[in-house]
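I have placed the structure first, in the form of structure tokens, so that the comments after it can refer back to it.
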Amino acid sequence: MAKNSRMTARRSRPVGRRHPLATIALIVIGLVSTGGAYALFSSTASAETTSAHTQASAEEGKKLFASNCATCHGLSAEGVNGVGPSLYGVGAASVSFQVGTGRMPLANQGPQAEQKPVQFTDAQVQSLADYVASLSPGPGIPDQKYLQGNGNAATGAELFRINCAMCHNVAGAGGALTEGKFAPALSGVLPAHVYEAMVTGPQNMPVFNDKNLTPTQKADIITYLKYLDKNPSPGGFDLGNLGPVAEGLFIWIFGLGAVVGVTIWIAAKAN
Amino acid sequence: MAQHDDGGDNAAAGSAVVKSEPPQASRGTAVIASDAFENPGLPPHRLRVTDIDPQKDRTAERRVYTLFYLSIVGSILAVAFYVAFPIIPGDTASVRLNTLLLGLAIALGLLSLGVGAIYWSKNLMRGDELSEDRHLTRGSEETRARSIEIFKEGNQESGFGRRTLIRNSLLGALVAFPLPGIVLFRDLAPAADPVKQLEHTMWAKGMRLTHDPSGTPIKASDVTIGSVFHVIPEGLNSKADRLEEKAKAAVLLMRLKPEDLHVSSGRETWNYNGIVAYSKICTHVGCPVALYEQQTHHLLCPCHSSTFDVTNECEVIFGPAKRPLPQLPIAIDSEGYLVAQSDFHEPVGPSFWERT
């Protein structure tokens with residue numbers, strides 16, 4: 001009898017809405033639906049308010065500009081002769097690159113603006129870019145689809161070799177130019193900044209417009225740079241990728257040093 | 001003639017070296033030749049710690065055989081690493097690991113072998129100084145006479161001096177046999193006149209300027225101010241000797257503000273609205289000059305830092321180059337594409353012997 005009742009108890013397990021997993025399923029469904037609805041709502045909302053948002057951002061950018069940039073570039077970005085260039089037509093891409101990499105605001109006049117810790121938050125950089133872009137049309141912030149690093153690394157490498165390697169070194173290690181100027185190393189630079197630099201030609205870098213290197217070709221170059229970042233040199237210690245100078249110096253000092261040391265040891269008398 | 005110096009009799013050591021008299025100065029010269037070098041002999045023999053202390057001797061012995069065992073370990077490790085960490089095609093990290101481990105293991109094997117051998121000889125092998133006499137370079141009179149005799153005998157037996165016809169024909173044959181080599185190797189040089197090849201490039205009237213490497217033509221409107229384009233002549237990619245042609249015909253295209261350009265007379269029509277094209281081949285030793293600074297308009301050669309000023313028709317402002325970069329005269333065709341007006345007006349690249 002007792003055995004029989006245990007059997008029925010086992011057979012009549014809670015099913016349907018009384019199942020212990022039902023609560024969890026209910027919570028999951030609830031979360032997904034509210035989250036989805038929110039995402040749907042917020043995306044449509046942002047699409048509707050983009051222009052208004054940009055407007056507000058540009059207003060914010062104008063204030064930032066007046067307090068941080070106007071000394072050199074003029075109160076309405078018209079430029080100050082001999083101090084800072086006019087920013088009409090440089091576009092959002094230029095601002096995003098110069099301010100986003102910390103090159104601007106400039107610490108002091110020198111051969112070229114050097115990279116330093118970024119002075120503004122991403123939102124503030126965006127505001128400044130919106131403000132400068134609102135003055136006059138210019139190259140905009142690049143489309144995300146070109147920055148993913150999913151292009152053709154081999155094509156990118158060939159284009160890099162032809163267009164970039166003479167200054168930036170074939171492994172992107174950078175190199176010297178005239179009178180204290182230099183082409184910076186490219187490892188670890190954000191794809192957006194690489195793209196913006198190509199489009200705007202900051203400082204002494206030439207401009208590579210979309211007719212010279214198409215956006216797809218720029219994406220290939222970014223892919224190549226990402227490949228370089230991800231794949232360490234197969235030769236081991238790369239000595240800064242500077243080629244024969246660094247390697248020659250290394251072997252001259254350490255290789256010959258070792259040879260001299262061993263020779264002295266061989267010729268010296270034992271104690 | 002070698003003799004061991006066992007620490008005691010130093011005076012004898014080294015005394016077997018033949019002393020030469022100082023050269024006598026001829027009368028009238030002011031050279032004083034009396035400072036002949038005196039043989040100082042060997043320094044006193046000093047015993048090593050391994051000679052005195054048996055404990056140290058055993059330690060040294062232990063070190064030597066440990067090094068040799070280490071060498072065995074290194075060699076075996078090299079084989080083990082080669083098997084355990086193979087090179088996987090396409091995976092550069094595996095190449096790096098493979099070569100690194102192989103190198104370390106082989107270095108361990110060879111270095112400990114060498115260091116062990118040297119350590120053994122320095123600390124444990126017989127350690128007293130040894131001097132060995134030099135002998136004179138000149139042979140004895142007897143040897144010299146005999147060698148002359150051998151030559152004479154050889155001449156007599158072969159009849160080399162007597163049978164003049166044989167001798168002369170042999171000399172003739174020896175002179176003649178390198179001739180085919182000289183003629184054949186001479187033909188390894190380019191068949192066409194190298195001077196002509198160096199003086200001219202692929203560029204010709206109406207040939208379009210195209211992108212390197214794709215070969216798509218460039219419109220004048222594509223070249224915005226501050227741009228730099230790397231240019232090859234149209235149709236280069238379909239040529240069999242495209243690399244040779246590219247090495248001469250590569251061109252750098254830049255656009256400056258027209259008022260920045262200082263154009264000399266005779267070249268007024270060579271640029272198009274501030275778009276200028278210059279040979280990319282350095283006039284120093286032929287490296288590609290392509291480091292263009294868009295603000296200063298300087299073109300820098302990466303090899304020896306020759307710097308060219310684009311605003312002044314690429315005159316040399318720094319570095320070892322002696323001549324400005326040759327300019328390619330350009331124009332636009334009916335469709336707005338950039339074309340060459342002609343070839344370069346002078347040979348591109350570094351100087352060569354017959355360059356006029």
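The values are calculated or read from the model by the stated rules, or taken from the named source; none is laboratory data. The shown structure was predicted, so the numbers you read here are calculated from the model rather than taken from an experiment. Here the Cβ positions follow ideal geometry from the backbone for every residue, glycine too, while neighbour counts run over all protein chains shown.
Tabulated values for the structure
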quantity	calculated
Filtered residues of the stretch A:135-185 (kept if without any contact (Cβ under 8 Å) to a residue 40 or more places away in the chain, away from chain B (no Cβ under 14 Å) and closer than 19 Å to A:ASN231 by Cα)	A:ALA185
Test for B:GLY181: is it small (Gly, Ala, Ser) and either at positive phi or at pLDDT 95 or above (or both)	no
Residue among A:GLY151, A:GLY180, A:GLY172 that is outside the structural domain of A:LYS62 (by TED's automatic domain parsing), part of a loop (DSSP other than H, G, I, E, B), under 30 Å from A:PHE65 (Cα atoms) and of a type outside the set (A, V, I, L, M)	A:GLY180
The stretch B:244-264, residues that are in a loop (DSSP other than H, G, I, E, B) and surrounded by fewer than 13 Cβ atoms within 10 Å (Cβ to Cβ)	B:LYS257, B:HIS262, B:SER264
B:THR283 in a loop (DSSP other than H, G, I, E, B), buried (at least 20 other Cβ atoms within 10 Å of the Cβ) and of a type outside the set (Gly, Ala, Ser)	yes
Evaluation of A:ALA192 against (1) within 18 Å of the chain's Cα centre (by Cα); (2) in contact (Cβ under 8 Å) with a residue 40 or more places away in the chain; (3) in a loop (DSSP other than H, G, I, E, B) (one fails), failing number	(3)
Counted residues, the stretch B:48-91 - those being among the small types (Gly, Ala, Ser) and not in a helix (DSSP H, G or I)	1
Enumerated helices (runs of 4 or more DSSP H) restricted to the stretch B:109-203, each holding at least 1 residues that are within 30 Å of B:ASN237 (Cα to Cα)	B:194-199
Search result, residues across the stretch B:296-353 that are outside the structural domain of B:GLY286 (by TED's automatic domain parsing) and under 24 Å from A:VAL170 (Cα atoms)	B:GLY349
Count of the stretch B:215-245 residues which are more than 9 Å from every other protein chain (Cβ to nearest Cβ) and touching a Leu at 6+ places or on another chain (Cβ under 9 Å)	9
Residue tally, condition over 15 Å from A:ASP143 (Cα atoms) and buried (at least 21 other Cβ atoms within 10 Å of the Cβ), over the stretch A:184-199	1
Checking A:LYS226 against (1) of a type in the set (D, E, K, R); (2) out of contact with any Gly (no Cβ under 8 Å at 6 or more places or on another chain); (3) surrounded by 14 or more Cβ atoms within 10 Å (Cβ to Cβ), the condition it does not meet	(2)
Candidates B:ALA220, B:ALA277 - the one that is at pLDDT 90 or above and within 22 Å of A:CYS164 (Cβ to Cβ)	B:ALA277
Scan of the stretch A:215-246 for residues that are under 21 Å from B:LEU102 (Cα atoms) and part of a helix (DSSP H, G or I), ordered by number	A:LEU239
Selected residue [among the hydroxyl-bearing types (Ser, Thr, Tyr) and surrounded by fewer than 12 Cβ atoms within 10 Å (Cβ to Cβ)] from B:THR164, B:THR92, B:THR99	B:THR164
Leading residue by the ranking (nearest to the other protein chains (Cβ to nearest Cβ)) among those in the stretch B:278-290 that are closer than 14 Å to B:PHE318 by Cα and in contact with a Gly (Cβ under 9 Å, 6 or more places away or on another chain)	B:CYS282
